[in-house]
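Here the structure comes first, spelled out in structure tokens, and everything after it is commentary.
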Amino acid sequence: MDTQGLKQSFNDAFGYTAERVYFSPGRINLIGEHTDYNGGNVFPCAISMGTYGAYANREDDTIRVQSANIPDAGLIEFKTTDIAFDQSVSWDKFVRGVMFELGKLGHTVDHGFDLFVHGDLPDASGLSSSASIELLIGNILNEEFNFGLDQLSLVKNGQAVENDYLGLNTGIMDQFAIGMGKKDHAVLLDTNTLKYEYVPVELGDNVVVIMNTNKRRELVDSKYNERRSECETALARIQAGGEGFSTLGDMTQEDFDKDTYLIDDDTLIRRARHAVIENQRTLRAKKALTAGDLTEFGKLVNASGVSLRYDYEVTGAELDCLVQTALKQPGVLGARMTGAGFGGCAIAIVNQANVASFTKAVGDVYKQEIGYDASFYVANIADGPRVLEG
Ligand code: GAF
């Protein structure tokens, strides 16, 4: 749906013309996976796929929202004060959640509005459709209600929606990548200090291909929380052994080797090893990319994938099939899953000239082995949330 189509949908739903159209991107993560809640580095970028919202103010205290992606939910209506968490509501939980968390900071939505939303991010695909809508709503309200918040505050607010309002124990990577997105750049973010740096993504003749398993990330929340607590337990054992590290992200590989015996459990050792080494690998990957050493960059991307598959165990048959098949194709520098895992998407860095044959070959093998189609998109690295019209 283009901007015109979105405005038409707003008109069809509400019977008048929208005042403004906003956009908020999705994200891919190049490397640095499952490091953000371990105090490590991440290296994501915002992409041109995302969530669009056509908006108009109302003078009363009614909020009406509709999403083209969830037609069954129809037109949803609630009052500006009716924003406490309610398990039974549909996607409007994101609208209410953003308002609720902003309210805690003293920023109150004091009149109603109408909003029609459409996203071109495949739902539950690991490209952060949730963070995209959280930042869309946050940016709209900040602009329309003159809250005067900077983007970092909106990023933190988005994470608060996940953690405090929805009860999902996620890190800050997704909201940060989206809120702070910059065209043709990745963000190297140290999640311990929130210091960050923009790094140009110069891949020469290569592009990033997103490979979608089309497997919904079922069970992702419980498995995600399980990985997180496994890392916390491993860290607690290291600390109980007398070490002063406050996160796994503080440890070098040498520190970890020296302290592995303190963890004393095969699964916990593998989880923590991933977190520590992935963090170091992310810094090396950033260096390689900056130096234009794409071969080294690709190898580090592959190493991340291996660690996520065998040590962190967050891949599964679908992601493994895509990544393993991708790595056998000509013109591929590297491939790995991206995001939380357990389904969702993988990325591959592919020579532009090979993209068509690449997607055909990987798609054919996937269909044959998994039984249904994968989808492929070339990633355009894009800016963060913005007003498109009005
Ligand atoms: C999900 C989470 F939301 C992020 O915070 C991050 O932990 C990611 O999984 C894994 O790197 O997208």
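No lab work stands behind these numbers, since they all come straight from the coordinates. Worth saying up front: this structure is predicted, and the values here are computed from it rather than measured. Methodologically, a virtual Cβ is constructed for each residue, glycine included, from the backbone with ideal geometry; neighbour enumeration extends over all protein chains shown.
Going by neighbour counts of Cβ atoms within 10 Å, the residues Thr170, Thr193 line up, fewest first, as Thr193, Thr170. What is the angle, in °, between the Cα long axis of helix 317-327 and the longest principal axis of the Cα atoms in the chain? Nearest 10 is fine, range 0 to 90. The answer is roughly 70 degrees. The angle between the Cα long axis of helix 151-160 and the main principal axis of the chain comes to about 80°, on a 0 to 90 degree scale. When the alpha carbon gyration tensor of the stretch 89-164 is reduced to an equivalent ellipsoid, its three semi-axes come out at 20, 14, 12 angstrom, largest first. DSSP bridge analysis restricted to the chain gives an antiparallel fraction near 90%, rounded to the nearest 5.
For the chain, the longest principal axis of the C-alpha atoms and the axis of helix 3-14 are separated by about 50°. Residue exposure proxy: Ser48, Ser67, ordered by other Cβ atoms within 10 angstrom of their Cβ from fewest to most, comes out as Ser48, Ser67. Taken over the stretch 135-208, the alpha-carbon convex hull comes to 117 cubic angstrom per residue. Listed from fewest to most Cβ neighbours within 10 Å, the set Ser128, Ser375, Ser9 follows the order Ser375, Ser9, Ser128. Derived from the Cα gyration tensor, the three semi-axes of the equivalent ellipsoid of the stretch 44-128 are 23, 16, 13 Å, largest first.
Each of the chymotrypsin sites (Phe, Trp or Tyr not before Pro) that DSSP puts in a loop and that has at most 10 other Cβ atoms within 10 Å breaks the chain; the longest unbroken stretch is 17-371. If you take all C-alpha pairs in the chain, what percent of them are over 41 Å apart? Taking all Cα-Cα pairs of the chain, the fraction more than 41 Å apart is 14 percent. Any chance you could tell me what percent of the C-alpha pair distances in the stretch 6-161 go past 18 Å? Of all Cα-Cα pairs in the stretch 6-161, 59 percent lie more than 18 Å apart. Top mean-square fluctuation among Asn29, Asn225, Asn212, Gaussian network model of the chain, C-alpha springs under 10 Å? For the chain, modelled as a Gaussian network with Cα springs under 10 Å, the answer is Asn225. The orientation-averaged projected area of the convex hull spanned by the Cα atoms of the stretch 274-365 comes to 5.7 nm². What does the C-alpha gyration tensor say about the overall shape of the stretch 345-390? Classify as rounded when a/c is under 1.5, otherwise prolate if a/b is larger than b/c, or oblate. It is prolate, given that a/c is not under 1.5 and a/b is the larger ratio. Remark: relative contact order (the chain) = 24 percent; criterion is Cα-Cα distance under 8 angstrom and separation of 6 or more residues.
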